[in-house]
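The values are calculated or read from the model by the stated rules, or taken from the named source; none is laboratory data. What you are looking at is a predicted structure, and each value in this text was computed from that prediction instead of being measured. Heads up, the Cβs are rebuilt from the backbone with ideal geometry, glycines too, and the neighbour counts pull from every protein chain shown.
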Amino acid sequence: MTAQHHQLAAGARFDSGVREAVPLLVEGPVDDDAAAAAPRLGPDSLIWKFYGDNRTQFFGFQRTAGVENCIEQLGQGVLDHSVVFSDTLGRAKRTGPPLMKTVYSDDPHEWGRKVRDFHKPIKGTISDGSRYHALNPELFYWAHATFVDQVVYMTDTFIRRLSDAEKEQIFEEGKIWYSLYGVSDRSQPQTYADFVDYWDDMLERFVPHKTVLYGTGYIRKGIPGPRRIPKPVWKILSAPLNAYTRLVLVGTLPQQMRDVCQLEWNAKKERRFQRFAAAMRALNPLVNRLPLWLIYTPWAVTAWRGAGVDPRKVHNRPS
């Protein structure tokens, strides 16, 4: 990568780098001692505290999956190589655990490599005829960036406000997280401020790809009902669920994604969304009194118990 390449804006760097469509892998620890000495995340990290929180996952899935697939190469990769259209929930169940284990398992490097190696065969072409490869650093980093954003945005919106220093800390921990995959970090921003600029640049590259339009169809058309429930009955039963998706899930999305997915939004909805988010943050002290298994995903619960740390008692105020 040339010095001239690094002087380009983040979005322009993505455009030039992603067209190389070449996987750039970095081999890390090769034995147990090297793996033990390599950086990893732990109970002192904010990513451990917030990524496995069920609120981050429950409120965050649509933003994370959606913004990822608004970039054409990623949307096309899912379309070409995934069963997302025929087995949406199955795909989510297969994708989630390896990502959780990359953060929370005793062998994060092994799980990080597994996540990476799932992507080795994912390549093809997009609408303009240019090639893509999932392990091209620009493309793989964008996918990772959506998870860093998920931790920052969902925590700050639904759990508690983060200080600027904490956002910077999560971004720095995100570098360790990314290093576990063994893919070149040439496109990784250096500071959180750079990351925000990069994020804003990438939002301007969103397109209405078939994958993301399909993935948000339930919001526009309403949640499909089970076959055994008559349609008029389901219409009544699903009304509160549809109201929730159109207010809370759409509320979490960047405006660029709402635009490409034709999702309605206005100032009145924004005010209602902000009131809902504020109410969720106000409940955080009560949430911290709930049993661990209610607050965290199973992988996070196992990790916290293994570390002998109660996450309900740490990182509850900006440092």
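List of remarks:
- Hits in segment 190-215 - residues which are over 17 Å from the mean Cα position of the chain (by Cα) and assigned to a loop (DSSP other than H, G, I, E, B): Gln190, Thr191, Glu204, Arg205, Val207, Pro208, His209
- Checked against (1) farther than 17 Å from Val67 by Cβ; (2) of a type in the set (S, T, N, Q); (3) at pLDDT below 95, Asn136 passes all but a single condition, namely (3).
- Helices (runs of 4 or more DSSP H) completely within segment 1-67 that count 3 or more residues being modelled with pLDDT of 90 or more and on the phi < 0 side of the Ramachandran plot: 10-18, 46-51
- Test for Phe206: is it more than 22 Å from Trp48 (Cβ to Cβ), buried (at least 18 other Cβ atoms within 10 Å of the Cβ) and touching a Cys at 6+ places or on another chain (Cβ under 6 Å): yes
- Residue match in segment 142-161 (condition: assigned to a loop (DSSP other than H, G, I, E, B), at pLDDT 95 or above and surrounded by fewer than 22 Cβ atoms within 10 Å (Cβ to Cβ)): yes
- Residue match in segment 275-295 (condition: of a type outside the set (Ser, Thr, Tyr), touching an Asp or Glu at 6+ places or on another chain (Cβ under 9 Å) and outside any helix (DSSP H, G or I)): no
- Selected residue (only one of Ala165, Ala193 is over 30 Å from Arg289 (Cβ atoms) and hydrophobic (A, V, I, L, M, F, W, C)): Ala193
- So Gly251, is it out of contact with any Ser or Thr (no Cβ under 8 Å at 6 or more places or on another chain), surrounded by 15 or more Cβ atoms within 10 Å (Cβ to Cβ) and on the phi > 0 side of the Ramachandran plot: no
- Checked against (1) in contact with a Gly (Cβ under 9 Å, 6 or more places away or on another chain); (2) buried (at least 21 other Cβ atoms within 10 Å of the Cβ); (3) closer than 30 Å to Arg246 by Cβ; (4) among the aliphatic types (A, V, I, L, M), Ile170 passes all but a single condition, namely (1).
Rundown of residues vs (1) touching a residue at least 12 places away in the same chain (Cβ under 8 Å); (2) touching a helix residue (DSSP H, G or I) at 6+ places or on another chain (Cβ under 6 Å), yes/no style:
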{"site": "Trp142", "(1), (2)": "yes, no"}
{"site": "Tyr153", "(1), (2)": "yes, no"}
{"site": "Thr157", "(1), (2)": "yes, yes"}
{"site": "Gly182", "(1), (2)": "yes, yes"}
{"site": "Gln188", "(1), (2)": "yes, yes"}
{"site": "Gly217", "(1), (2)": "no, no"}
{"site": "Arg228", "(1), (2)": "no, no"}
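Okay, residues lined up against (1) touching a Gly at 6+ places or on another chain (Cβ under 7 Å); (2) crowded, with 16+ Cβ neighbours inside 10 Å; (3) in contact (Cβ under 8 Å) with a residue 60 or more places away in the chain; (4) more than 17 Å from Gln57 (Cα to Cα):
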site	(1), (2), (3), (4)
Asp259	no, no, no, yes
Glu264	no, no, no, yes
Phe273	yes, yes, no, yes
Ala277	no, yes, yes, no
Pro285	no, no, no, yes
Leu292	no, no, no, no
Ile295	no, yes, yes, no
Ala300	yes, yes, yes, no
Lys313	no, no, no, yes
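- Some residue of segment 209-217 being over 21 Å from Phe147 (Cβ atoms) and surrounded by fewer than 15 Cβ atoms within 10 Å (Cβ to Cβ): yes
- Residues being polar (S, T, N, Q), in contact (Cβ under 8 Å) with a residue 24 or more places away in the chain, under 28 Å from Gly11 (Cβ atoms) and in a helix (DSSP H, G or I) are entirely absent from segment 231-252.
- Of everything in segment 173-200 that is of a type in the set (Asp, Glu) and over 23 Å from Leu24 (Cα atoms), the residue that is surrounded by the fewest Cβ atoms within 10 Å (Cβ to Cβ) is Asp200.
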